[in-house]
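Below is one structure, written out as structure tokens; the observations come after it.
The values are calculated or read from the model by the stated rules, or taken from the named source; none is laboratory data. Every value quoted in this text rests on a predicted model; they were computed, and no experiment measured them. Backbone-built Cβ (ideal geometry, glycine too); neighbour counts: all protein chains shown. Surface accessibility is based on the protein's heavy atoms, side chains included, excluding ligands, DNA and RNA. Shrake-Rupley method; radii C 1.70, N 1.55, O 1.52, S 1.80 Å.
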Amino acid sequence: MMFTITISTISTMILVPFIGALLAFLLKRGAKAIALVFSLVPLVISLSMYQQIHDPSTLSYIEHYGWISALGISLKFGVDGLSLPLVILTGIVFPLTILYSWRSSYTPHVFYPLMLVLESALIGVFTALDFIIFYIFWELTLIPLYFVIGMFGGPKREHAAIKFFIYTHVGSLVMLLGIFALYFESGIGTFDLLSLIGAFASLSPALKNIVFAAILFGFMVKLPSVPFHGWLPDAYCEAPTPGTVVIASLLSKMGAYGIL
């Protein structure tokens, strides 16, 4: 049984790193300390949520805000027993990568804001309950990671960053086409994730296969699964250590999360 609370818990986890990124970029001085403090907020909140959730099989901490009502798009978020551990993992990984990078030569007011934006985007992916919002955060993860690889990586960082972006962006676009096909053919007039999943059964067998294949393709590229893994070796080798850690621990989990 779903329930709604008035405290915008998930919104806070998403917005706080964004605010921290903006402050670290503008203030420049103290960017490392700002990044560390703001990256810890999602971890503290997610651990508190974990203690309060009694039934992991149901959605909890649901937030629902209207946005583009004419298209059935809304800002809807929630967590369950699958998404919350990934949110907690996100909250753990980013403070650790920031601490690891403390004595690095990375430009602080550029590198740390990028990491905070990436943290926000990942939390958005793991908590979104609207397919369009899910897709926006899904795509948003590409931008900061592209610059992290391209600006702070190894000798072939530009090639690795472009390859990563092209592979994953193409996969995302195919997934978006599958989402649109499901939306228009179902006729339910909403991008609510659970409603669209429920409407999948009403599609014709042929269309089911097409929609399933398109969405699965996007997830498999991000996973990455053979034969769509071509971007991974270069990204692993050329990304800076914090970027490699995020790719291994969280980015690949996005694909698995989508499939599950």
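Both radii were evaluated on the Cα set of region 182-258; the Rg over Rh quotient, with Rh as the Kirkwood radius, amounts to 1.13.
Sorted from greatest to least, the principal axis extents spanned by the alpha carbons of region 1-79 come out as 47, 37, 17 Å.
If you run the Gaussian network model on the chain, springs between alpha carbon atoms under 10 Å, then out of His159, His54, His169 the most flexible one is His54. For the chain, the number of Lys pairs separated by eight or more positions or lying on different chains, with C-alpha atoms closer than 26 Å, is 10. The heavy atoms of Tyr50 present about 150 square angstrom of accessible area, all protein chains included, probe 1.4 Å. Taking all protein chains together and rolling a 1.4 Å probe, Glu158 ends up with roughly 100 Å² accessible. Relative to the longest principal axis of the Cα atoms of the chain, helix 142-152 runs at roughly 20 degrees. For region 23-140, the equivalent ellipsoid built from the Cα gyration tensor has semi-axes of 28, 18, 10 Å, listed from largest to smallest. When the surface is traced with a 1.4 Å probe over the full set of protein chains, Trp102 keeps roughly 90 Å² accessible.
Name the most mobile residue of Leu250, Leu196, Leu114, meaning the one with the largest mean-square fluctuation, in a Gaussian network model of the chain with Cα contacts below 10 Å. In the Gaussian network model the winner is Leu196.
The simple spin-label model puts a point 7 Å past each Cα toward its Cβ; for Ser104 and Ala256 those points are separated by 2.3 nm. In this structure, the amide hydrogen of Asp130, modeled 1.01 Å from its nitrogen in the peptide plane, lies closer than 5 angstrom to those of Lys76, Leu193, counting only residues at least 5 positions away or on a different chain. Recomputing percent of Cα pairs over 35 Å apart from the coordinates shown identifies the correct label among (i) 19; (ii) 15; (iii) 11 as (ii).
Let me check something: with ligands and nucleic acids excluded, how do Met151, Met49 order by accessible area (1.4 Å probe), largest to smallest?
Met151, Met49
Dividing the convex hull volume of the Cα atoms of region 75-145 by its residue count, what figure in Å³ per residue is obtained?
74
For the chain, the Cβ-based charge dipole about the Cα centre amounts to some 700 debye (Lys, Arg positive; Asp, Glu negative; other atoms uncharged).
With runs of 4+ DSSP H residues as the only contributors, calculate the mean residue ellipticity of the chain at 222 nm using -39,500 (n - 2.57) per run, divided by the residue total and rounded to the nearest 500.
Per the formula, -22000 deg cm²/dmol.
Taking the longest Cα principal axis of the chain as reference, the axis of helix 205-222 is set at about 10 degrees. Residue by residue, region 84-99 carries 3J(HN,Hα) couplings of 4, x, 6, 5, 4, 4, 4, x, 7, 5, 5, x, 5, 5, 5, 5 Hz when phi is fed to the Karplus relation 6.51 cos²θ - 1.76 cosθ + 1.60 (θ = phi - 60°); x denotes Gly or Pro. Only Cα pairs under 8 Å and 6+ residues apart enter the sum, and on that basis the relative contact order of region 57-214 stands at 21 percent. Once region 121-260 is represented by equal point scatterers at the alpha-carbon sites, with solvent omitted, what log10 I(q)/I(0) does the Debye formula produce at q = 0.10, 0.11 Å⁻¹? Here log10 of I(q) over I(0) equals -0.34, -0.41. With the Cα gyration tensor of region 169-214 giving a ≥ b ≥ c as the square roots of its eigenvalues, does the rule (a/c under 1.5 for rounded; else a/b larger than b/c for prolate; else oblate) give rounded, prolate or oblate? It is oblate, given that a/c is not under 1.5 and a/b is not larger than b/c. Hey, what angle do you get for helix 157-186 against the long axis of the chain, alpha-carbon based, 0 to 90 degrees rounded to 10? Long axis of 157-186 versus the principal axis of the chain: about 20 degrees.
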